[in-house]
1. Shielding of A:11-21 by partners, i.e. mean partner chain Cβ atoms within 10 Å per residue?
2. How well do other chains shield peptide B:102-112, expressed as the mean number of their Cβ atoms within 10 Å of each residue Cβ?
3. Shielding of B:28-35 by partners, i.e. mean partner chain Cβ atoms within 10 Å per residue?
4. When only the heavy atoms of the protein chains count and the probe is 1.4 Å, how do B:Ser111, B:Ser83 rank by accessible area, highest first?
5. For the range B:1-84, what is the Kirkwood estimate of the hydrodynamic radius, computed as the reciprocal of the mean inverse distance between distinct Cα atoms, to one decimal in Å?
6. Once label points are set 7 Å from the Cα along Cα→Cβ at both B:Ala11 and B:Arg66, what is their separation, rounded to one decimal in nm?
7. Can you list the trypsin sites (Lys or Arg not before Pro) in the range B:18-89 that are in a DSSP coil and have 12 or fewer other beta carbons within 10 angstrom?
8. What is the dipole size for the range B:1-67, taken about its Cα centre, with +1 at each Lys and Arg Cβ and -1 at each Asp and Glu Cβ, in debye to the nearest 20?
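The values are calculated or read from the model by the stated rules, or taken from the named source; none is laboratory data. The structure displayed is predicted, hence computed values, not measured ones. All Cβ positions, even for glycine, are placed from backbone atoms using ideal geometry, and neighbour counts span all protein chains on display. Note: areas computed on protein heavy atoms with side chains; ligands, DNA, RNA excluded. Shrake-Rupley method; radii C 1.70, N 1.55, O 1.52, S 1.80 Å.
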Amino acid sequence: MGPGFQLDRVADCGAGIGRVTRHLLLPRSAHVDLVEQSPRLLNAAPQYMASGDGLEFNPDSVTYLNLGLQVCTIATTEIDTSVSKSY
Amino acid sequence: MITEQDFSPSAATYDLIWVQWVIGHLHDIDCVQFLRRCAAGLKPCGVIVLKDNVLIDEDLTFLWDRTDSSVARHMRYLKLLISLSGLQVIMEARQQDFPSELLPVFMIAISVAPSLLTDTPSIFSSTSSNV
């Protein structure tokens, strides 16, 4: 995936505020869908994406999707860590 | 902005789906279902890249991090889930230049395994679409 390698559409799952999209994916793809379950992070993404550090940014080249990834189940489950021993 | 749904891309939508530090928050069956939905959203020759903490040396199957409620699975464990998802590993690379006190981070490129596509256990099937 070097320079000049161009994709049409990419999804960034767990996009956060868009670091991976901005620096890795968008330079290589015409469009990126940012998929993030946290509204707080996703709401901060447009400003981060547009912040100036020399990278060109077309707002129409990204779509922000506040969707779950079935994340959080582990956070609400009690696990006995003793079962993590090799078996 | 779409809210309160799970990511379930339409068929043949993406060239690449980048999944960074996500599956460590998913139970096994949710991980497999998630990867299967991603696989359905790939264009022909599309690729999913998992970037996550992966155990390689430790004598552990997985490591639970209570501070951020995630698990790091052993590489063999992770590849089993990838296989159960009807996917195959086509390339893997360890992230370089990370602090040595952190868990190993790997990028694993996976694609649809043709032989497994036609034999999907119903328990892993999903139906809805929202992209």
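1. Working: counts 14, 5, 14, 11, 3, 2, 0, 0, 1, 5, 1.
Mean shielding count: 5.
2. Mean inter-chain Cβ contacts per residue within 10 Å come to 0.
3. Values: counts 0, 2, 6, 3, 0, 1, 5, 0.
Mean partner-chain Cβ count within 10 Å for B:28-35: 2.
4. Numbers: B:Ser111 20, B:Ser83 60 Å².
Greatest to least solvent exposure: B:Ser83, B:Ser111.
5. Details: mean 1/r = 0.0724 Å⁻¹.
Every distinct Cα pair counted, the radius reaches 13.8 Å.
6. Placing both labels 7 Å along Cα→Cβ, they lie 4.7 nm apart.
7. Working: sites: B:Arg36, B:Arg37, B:Lys51, B:Arg66, B:Arg73, B:Arg76, B:Lys79; in loops: B:Arg66.
Passing both the DSSP loop test and the Cβ count: B:Arg66.
8. That gives a dipole near 380 debye.
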